[in-house]
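Working notes, beginning with the structure itself.
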Amino acid sequence: MQLDQPLTEKELDDLDQFLLGERTPEDAMTLDHLHGYMTAIAIGPETIMPAEWIPRIWGDDGKQVPKYRNEKEADRIFNLIMRFYNEVVITFEVAPKEFEPLFVEYEHEGKSLMNAEAWCWGFWEGMELRPGSWDEIWDSEIGELMRPIYLLGADEIEEEELPEVEDPVKAHKLALDIEANLPAIHKFWIPRRKAPVGTLKREEPKVGRNDDCPCGSGKKYKKCCGAEQQ
């Protein structure tokens with residue numbers, strides 16, 4: 001399957017079940033958490049390679065990996081994740097106003113509401129991969145558009161802001177605001193987006209071509225992220 005093919009409903013469900021399964025680390029992201037994470041990476045100020053962001057799907061330290069049954073399963077999960085990510089990228093490139101964040105829908109007092117909290121946690125974690133790089137948008141004329149993501153995604157908010165997120169109806173309104181604001185946030189970074197840095201200081205030994213890829217795909221480095229650098 002080509003990496004630019006959107007996931008089918010069954011494939012999306014398969015990925016969801018794998019993320020929630022017993023063979024993934026306890027701190028692995030849920031599907032909505034992952035979607036927010038990938039959205040920040042896709043539209044943010046710097047290009048971040050999969051070898052850096054994929055390992056953190058399984059845990060904050062980036063060192064945990066799932067217990068794949070075999071290499072075929074590892075390949076399939078890696079393929080699903082990359083296609084899930086590429087769908088985000090392509091949607092923003094082609095029709096940013098049609099992008100739909102993957103929020104959780106639930107019933108509250110007879111009304112259908114959206115819970116964007118886990119999605120925002122993911123977006124915030126994506127931002128924290130390059131925290132200083134996001135400063136410009138906070139200080140810009142559209143900085144206020146980031147506020148709903150901050151309220152629902154930040155580790156800590158001000159005590160006087162808590163009523164905005166603890167009330168289900170107000171939190172639902174924040175979710176609607178996020179969906180409406182994302183195209184402008186994406187547009188802000190288009191002329192400013194930086195390519196990956198060519199030379200990085202390594203804190204660990206260089207990965208060999210025949211070593212396991214650090215992205216957690218289960219593949220050898222030369223057949224995974226190493227192939228992208230050739």
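The values are calculated or read from the model by the stated rules, or taken from the named source; none is laboratory data. Note that this is a predicted model, so its numbers are computed, not measured. Here the Cβ positions follow ideal geometry from the backbone for every residue, glycine too, while neighbour counts run over all protein chains shown. Please note that ligands, DNA and RNA were not included when accessible areas were found on the heavy atoms of the full protein model with its side chains. Shrake-Rupley method; radii C 1.70, N 1.55, O 1.52, S 1.80 Å.
Just so you know, in region 164-194 the residues that are among the acidic types (Asp, Glu) and free of Cβ contacts under 8 Å to residues at least 12 places away in the same chain include one that is surrounded by the fewest Cβ atoms within 10 Å (Cβ to Cβ), and it is 166. Scanning region 100-135 for residues that are open to solvent by less than 60 Å² (accessible area, probe 1.4 Å), assigned to a loop (DSSP other than H, G, I, E, B) and closer than 16 Å to residue 59 by Cα gives a single hit, 129. Of all residues in region 151-163, those satisfying the criterion of being surrounded by fewer than 17 Cβ atoms within 10 Å (Cβ to Cβ) and either closer than 17 Å to residue 193 by Cα or under 24 Å from the mean Cα position of the chain (by Cα) (or both) are 154, 155, 156, 157. In region 90-106, the residues that are farther than 19 Å from residue 30 by Cβ reach residues that are outside any strand (DSSP E or B) and acidic (Asp, Glu) with C-beta atoms within less than 9 angstrom, at least six apart or across chains, in these pairs: 90/4; 91/98; 91/100; 99/179. Could you tell me whether residue 67 is surrounded by 12 or more Cβ atoms within 10 Å (Cβ to Cβ), among the basic types (Lys, Arg) and assigned to a loop (DSSP other than H, G, I, E, B)? For residue 67, the condition - surrounded by 12 or more Cβ atoms within 10 Å (Cβ to Cβ), among the basic types (Lys, Arg) and assigned to a loop (DSSP other than H, G, I, E, B) - is not met. Each residue in region 1-39 was checked for being touching a helix residue (DSSP H, G or I) at 6+ places or on another chain (Cβ under 7 Å), polar (S, T, N, Q) and open to solvent by 20 Å² or more (accessible area, probe 1.4 Å), and 2 pass. The residues in region 3-49 that are part of a loop (DSSP other than H, G, I, E, B) and either in contact (Cβ under 8 Å) with a residue 40 or more places away in the chain or closer than 15 Å to residue 65 by Cα (or both) can be counted, and the count is 20.
Among the residues of this structure, residue 61 counts as one that is open to solvent by 20 Å² or more (accessible area, probe 1.4 Å) and without any contact (Cβ under 8 Å) to a residue 40 or more places away in the chain. Filtering region 26-38 for residues that are β-branched (Val, Ile, Thr), under 30 Å from residue 136 (Cα atoms) and at pLDDT 95 or above leaves a non-empty set.
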